Amino acid sequence: MGANGRYAMNCTDDRRFLANKTDDPLHEAFDSKIAIHAMPRGESIRPEALPGLWADVMAAADGLPIRSIYIHIPFCEDHCLFCGFYKNAYRSDLAEQYVEALVQEMELTAGAPFLNARPFQAVYFGGGTPTALPAKSLARLVSTVHRLFPLSNDCEITVEGRIYNCDKEKIEAALRAGTNRFSMGVQTFDTRIRKSLGRRAPREKVIESLTYLRDLGSAVAIIDLIYGLPDQSPEIWEEDIKTFFGLRLDGCDLYQLNVFKGGLLEKAVSKGSLPAPATLKEQADYYVQGVALMEAAHYHRLSVTHWARFSRERNLYNLFSRGRSDCVPLGSGAGGWLGNYFFFVEGSLKKYLNAIKARRKPLAFGLKRSQRDFLFRDISYQMELGYCDLNELAERHKMNLLTILGPIIAQWEKVGLVNLTDGCLYLTRPGEFWAVNLAQMLIDRLQEDSLSGSHRGRWS
Ligand code: SF4
């Protein structure tokens, strides 16, 4: 214990994990966000070793009790200005070839002892835009998953989509094939802002489609909203959230705008064709405004960004992916942690299609779990929920976390980002806004300690 507080700094390196000294932690605790999601750093694997490692994982009839399947659809009908996930322009002939290859990839994968060891609790069709596919293809992919993989009775099967070109036929085909959750990217209901960002459907169409989806009652319907967009004001943000309330959908993500370096949005702003988006300080205000509105309307909080109206919405795939679970990646551009490795499926469509033709799993790169990866995943998962129970994790992982993290946490507490009660760290409202920084710093500090050799006596 230090003379000036509960903990003394372990070494000068701790300084890079400290918050700025400020009385205004919401706006000033850090100068920037350091990650989109908090992640431990893995060790990269030589590409030639990937097929053997994949085969070893698939041959073992074991794995973690929580498991999901992620299926990537790498096509979009537009490149929305704010998005960093755009890969390929949608073309019906290419999409047809792709769906054929994806079904083959699923067939090549299915039957492996690993896959049949226990049921999957979540399947996520992400992208890109899965709803860009024709109704028949979408239904074929969902029913192929049902046919080939063991799914738990309560398996969450999500299809991600957008309103444009997602007609009733597609929704109904996906439902008949076994989809039970739709996650629709709305971003904002404001027609003018939507258009300026490359979203084609106007507010009225968005509302009509979501009302239809809700009234069907057959699947959970959730949407994404983004704060900090160019031309958005606190009034427009409030109107977006209130429109969501009025629609009585099952859930909503409130995301912070992320301006990708060299991306279309950054270029549009620098050319002057769009006004600058909100600053980080303004985003912090949007965040607080959004949380206050959600709380006042009695929505349940499932993570620092995700809200549910009833327990019907569970957000399983997203929560699993932060924590300790296996995820089988399928499709060009998919990635997932499986066994001791992260596998990323070939992002180049051409290479992907060629590999499938040669009946090979198209793996582009991989990572090996770092030492103590499960501890880091536990931290990332809990921080996503707004806390980190250091006592529980210390017992589970047989180490004294507070010896290493205590000085940093004491400083964060002083600044007003966290409260430490009985060995459990709870995020304050400003701490929630900076949750990714705090989680990444906890992980980095522990990872640094485990690698530096200064851990003798703290890690067992
Ligand atoms: S927001 Fe969706 S539709 Fe738009 S570019 Fe990104 S992935 Fe594609």
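Miscellaneous remarks
- Overall Cα dimensions of region 79-199, principal axis frame, Å, largest first: 51, 31, 28
- Inter-label distance, nm, simple model (7 Å from Cα along the C-beta direction), Arg248/Glu235: 2.9 nm
- Over 27 Å [Cα-Cα, region 316-460], rounded percent: 34 percent
- Peptides 24-30, 48-54, 145-151 ordered by average Cβ neighbours within 10 Å, highest first: 24-30, 145-151, 48-54
- Normalised alpha carbon radius of gyration of the chain [divisor 2.2 N^0.38 Å]: 1.00
- Accessible area, probe 1.4 Å, largest first, for residues Ile443, Ile34: Ile34, Ile443
- Cross-link pairs beyond the 32 Å C-alpha cut-off, checked among Lys136/Lys271; Lys33/Lys170; Lys33/Lys195; Lys136/Lys205: Lys136/Lys271; Lys33/Lys170
- Ranking Phe260, Phe433 by solvent-accessible area of protein heavy atoms (1.4 Å probe, all protein chains present), from largest to smallest, gives Phe260, Phe433.
- Expected-Rg normalisation [2.2 N^0.38 Å, Cα atoms] applied to region 47-322: 1.05
- Extension gain, Lys261 to Asn153, is 34.6 nm, computed as 0.36 nm per intervening residue step minus the present C-alpha separation.
- Taking a point 7 Å out from the Cα of Glu169 in the direction of its Cβ, the residues of region 136-157 whose backbone N falls within less than 14 Å of it are 136-139.
- For Lys205, solvent-accessible area (1.4 Å; no DNA, RNA or ligand), Å²: 80 Å²
- Every pair of different Cα atoms in region 396-449 enters the Kirkwood calculation, which places the hydrodynamic radius at 11.5 Å.
- Alpha-carbon geometry of region 21-146: the Rg and the Dmax are 19.5, 58 Å, given in that order.
- Computed from the C-beta positions of His37 and Asn391 and an R0 of 22 Å, the FRET efficiency is 0.30 to the nearest 0.05.
- Accessible area per residue (1.4 Å probe, heavy atoms of protein chains only) ranks Lys267, Lys350 as Lys350, Lys267, with the largest value leading.
- As a ratio to 2.2 N^0.38 Å, the alpha-carbon radius of gyration computed for region 363-420 takes the value 1.34.
The values are calculated or read from the model by the stated rules, or taken from the named source; none is laboratory data. Quantities reported herein were computed from a predicted structural model and do not represent experimental measurements. Note that we place each Cβ from the backbone using ideal geometry, even for glycine, and neighbour counts take in every protein chain shown. Ligands, DNA and RNA are stripped out before the accessible areas are found, and what is left, the full protein with its side chains, is counted by its heavy atoms. Shrake-Rupley method; radii C 1.70, N 1.55, O 1.52, S 1.80 Å.
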